[in-house]
Every structure is written in C-alpha cells, then in structure tokens.
Amino acid sequence: MASPSRKKSMKSSIAKADAASWYCAMVLVTLILLGTLKENSLTATGEAEAVRGTQFLARPCDEFYVVGEGETLHTISDKCSDPYIVEKNPHIHDPDDVIPGIVIKVTPSISRK
C-alpha cells in the first residue's frame, strides 16, 4: 500500500504535469492564431498573394520562367516573344508536353513592362 505522503507526492506530480500540458496547449494555440493573423495581413496587403488559375496568363516573361498548368513551349514562345525557346531548353524533349512547375530559360525579344 502506498503511504499518504507518497499519494500526496503523486497527486502533486500529476497536477504539475496537467499544468504543463495546459501551458503547452495555450502556447500552441497562440502561435497558430498569430500565424493566421500574419497570413491574413499579408494577403490583405497583397504582399504574398498566391498565383492561381488564370493569373498564370498575366505573369511576366523573365529570364527564367516557371511553366503553368496547360502551357506548352509554343504558347510560352508566343506569349514571351521568344522564337528560339525550344533551342534554349534542350532538356525538354516534347515541346507540347511540358510539366507544370518546370523551370525554362526565356529571352524575350520585346521588353515588357
């Protein structure tokens, strides 16, 4: 049988563990809320807006271009006014089957602003 002092010590340890777990839970909730608030404030100011859907069509043609969904080398060539895009990207074997997210080299012949 456990002595009364041992029971009291065990209850004290359990109380400390409960308090520590509540403290950790509160810190975690606070961090999640702060992260959400920061994310909302960035998108409200337009600093870190995600590119989705038709926004790919309005992207500028920089030296390096990330291929979007549904694009081919021919459509990118027309968009960026780069007739030599196929020759500059020998790592792409089929110009009509380009994987979205792949990085290609583009040299626009017309400067866009």
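Within the set Ala58, Ala44, Ala48, the sole residue that is loosely packed, with under 11 Cβ neighbours inside 10 Å, touching a helix residue (DSSP H, G or I) at 6+ places or on another chain (Cβ under 8 Å) and modelled with pLDDT under 85 turns out to be Ala48. Can you confirm whether the range 25-41 contains a residue that is part of a loop (DSSP other than H, G, I, E, B) and at pLDDT below 85? No, that holds for no residue.
Identify all residues within the range 1-12 that are among the polar types (S, T, N, Q) and surrounded by 10 or more Cβ atoms within 10 Å (Cβ to Cβ); write none if there are none. Across the range 1-12, the qualifying residues are Ser9, Ser12.
Number of residues in the range 80-98 that are under 14 Å from Cys61 (Cα atoms) and crowded, with 19+ Cβ neighbours inside 10 Å: the value is 3.
The set of residues in the range 69-79 that are over 13 Å from Ile102 (Cβ atoms) and surrounded by 13 or more Cβ atoms within 10 Å (Cβ to Cβ) comprises His74, Thr75, Ser77, Lys79.
Would you check which residues across the range 63-82 are within 23 Å of the chain's Cα centre (by Cα) and either assigned to a loop (DSSP other than H, G, I, E, B) or among the acidic types (Asp, Glu) (or both) and list them? Listed by number, the residues that qualify are Glu63, Val67, Gly68, Glu69, Gly70, Glu71.
The values are calculated or read from the model by the stated rules, or taken from the named source; none is laboratory data. Fair warning: this is a prediction, and the values are worked out from it, not measured in the lab. Methodologically, a virtual Cβ is constructed for each residue, glycine included, from the backbone with ideal geometry; neighbour enumeration extends over all protein chains shown.
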